[in-house]
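Working notes, beginning with the structure itself.
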Amino acid sequence: MPSQPDTLQLVPDDQAVSLATQWLERIAERDGWPAKMNFGLTLSLDEALTNIVSYAFAAPSAAHAPAVRLSCHREGNRVQLELADNGRPYDPTSAAPPPLAADLDQAEIGGHGLRLMHHYLDDLRYARDGDWNRLTLIVQG
């Protein structure tokens with residue numbers, strides 16, 4: 001029988017990313033994740049949640065209070081981390097990262113976090129479920 005996921009509910013504010021990464025680090029330590037898995041998921045969570053906090057609630061809705069829910073589930077050597085938010089719809093999986101620049105002077109700002117996520121994750125999935133964005137980060141350890 002699969003184990004129950006670890007969950008965390010957050011208000012998308014200045015403390016959200018720090019609280020979320022600390023939560024994930026505790027899970028990684030408890031479950032003895034390999035260093036690369038821990039680093040890749042923590043970096044990906046930081047990137048995705050920073051973008052959610054920064055952009056998903058730029059125009060708050062009077063219909064609901066801004067919320068983010070995290071769920072982490074491990075089955076065997078596979079870890080699945082879901083970030084759900086009730087902010088405006090945005091599918092990061094449909095955005096192509098900017099081209100790699102030959103040097104820093106030619107580098108574009110933005111989009112490089114997605115490149116890092118694709119590097120460290122085995123899969124990245126997005127779904128819109130009613131008023132909720134659901135971004136799922138998957139790694140195999």
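Please indicate, with yes or no, whether at least one residue in region 31-41 is of a type in the set (Lys, Arg), open to solvent by 60 Å² or more (accessible area, probe 1.4 Å) and closer than 20 Å to residue 114 by Cα.
Checked region 31-41: at least one residue is of a type in the set (Lys, Arg), open to solvent by 60 Å² or more (accessible area, probe 1.4 Å) and closer than 20 Å to residue 114 by Cα.
Limited to region 1-38, what total is found for residues that are in contact with a helix residue (DSSP H, G or I) (Cβ under 7 Å, 6 or more places away or on another chain) and within 17 Å of residue 139 (Cα to Cα)?
Here the count works out to 6.
Looking at this structure, is residue 88 surrounded by fewer than 15 Cβ atoms within 10 Å (Cβ to Cβ), at pLDDT below 95 and not aliphatic (A, V, I, L, M)?
yes
Residue 69 passes all but one of (1) touching a residue at least 40 places away in the same chain (Cβ under 8 Å); (2) open to solvent by less than 70 Å² (accessible area, probe 1.4 Å); (3) not polar (S, T, N, Q); which number fails?
Here residue 69 meets the rest and fails (2).
Return yes when residue 47 is open to solvent by less than 80 Å² (accessible area, probe 1.4 Å), in a strand (DSSP E or B), acidic (Asp, Glu) and at pLDDT 95 or above and no when it is not.
Spelling it out, it is not the case that residue 47 is open to solvent by less than 80 Å² (accessible area, probe 1.4 Å), in a strand (DSSP E or B), acidic (Asp, Glu) and at pLDDT 95 or above.
The values are calculated or read from the model by the stated rules, or taken from the named source; none is laboratory data. Not measured: the values here are computed from a predicted model. Heads up, the Cβs are rebuilt from the backbone with ideal geometry, glycines too, and the neighbour counts pull from every protein chain shown. Protein only, heavy atoms only, side chains kept; ligands, DNA and RNA dropped before computing areas. Shrake-Rupley method; radii C 1.70, N 1.55, O 1.52, S 1.80 Å.
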